[in-house]
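FYI, it's all coordinate maths here, none of it is from the lab. Since this is a predicted model, take the numbers as computed values, not measurements. Using ideal geometry, Cβ is built from the backbone for each residue, glycine included, and neighbour counts are taken over all protein chains shown.
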Amino acid sequence: DGGITQSPKYLFRKEGQNVTLSCEQNLNHDAMYWYRQDPGQGLRLIYYSQIVNDFQKGDIAEGYSVSREKKESFPLTVTSAQKNPTAFYLCATYPVGGGYNEQFFGPGTRLTVL
Amino acid sequence: AQRVTQPEKLLSVFKGAPVELKCNYSYSGSPELFWYVQYSRQRLQLLLRHISRESIKGFTADLNKGETSFHLKKPFAQEEDSAMYYCALRGGGNQFYFGTGTSLTVIP
């Protein structure tokens, strides 16, 4: 599976600490997304970016921050303000333009707050 | 507002039986709809999209604009179909909306 890599696969954090999840892609896709996946709640959008140096909040952006300094990279920081950060985090990309395309997903990072 | 609803969280069928996973959507424009599948320990991947009108792994899905539905169907379920299935809608601004998912278990 190449294309989209997320690291680390598992991450443990103490309460009160910020942590950054990595997402890198070599698909040359313009748009990148961060989702949170919780049992019974599906995928909920945290942030997305359609172009370098620009991003928009999703439905559950509170307690999270992102940056998009390079097309290939879209790191997500989970801050101490996020009240329930333990979850599975998915990064996705989308090739803007060019017809009916789908999103492509990374393997995910499981974050556990101790 | 855009919304995707999957009413069944869990669905169990016997091997060889027909299976239908329901998906309803709410969208004011012309929808682009997708079914994604997540097998155990694998990443989320596209199963099929409505615009292609294709059959993948025996699954089909027809867009019914009158009923605002995009149900996923397979006439004969196989054990390897056991997975989590998500219905998704692409809205304006290249934002995607996902349902809460249906966990399908095919009983041998």
For residue B:74, the aspartates and glutamates lying under 13 Å Cα to Cα, once residues fewer than eight places off in the same chain are dropped, come out as B:20, B:54, B:62
Heads up, chain B by the C-alpha gyration tensor (a ≥ b ≥ c square roots of eigenvalues; a/c under 1.5 rounded, else a/b over b/c prolate, else oblate) looks prolate
Taking Cα pairs closer than 8 Å and at least 6 residues apart, the relative contact order of chain B in percent is 38 percent
Site residue A:77, offset 7 angstrom along Cα→Cβ, radius 16 Å on amide nitrogen, limited to the stretch A:2-39, gives A:16-23
Under 20 Å between C-alpha atoms, the lysine pairs in the stretch A:1-90 lying 8 or more places apart or on different chains count 4
Among the stretch A:57-88, those whose backbone N falls under 17 Å of a label point 7 Å along Cα→Cβ from residue A:15 are A:79-87
Taking the alpha-carbon centre of each part, the distance from the stretch B:1-73 to the stretch A:23-97 in Å is 24 Å
Expected sort for A:55, A:105, A:88 with the fewest Cβ neighbours (10 Å cutoff) up front is A:88, A:55, A:105
Full extension between residue B:30 and residue B:56 adds, at 0.36 nm per residue less the Cα distance, a length in nm of 7.0 nm
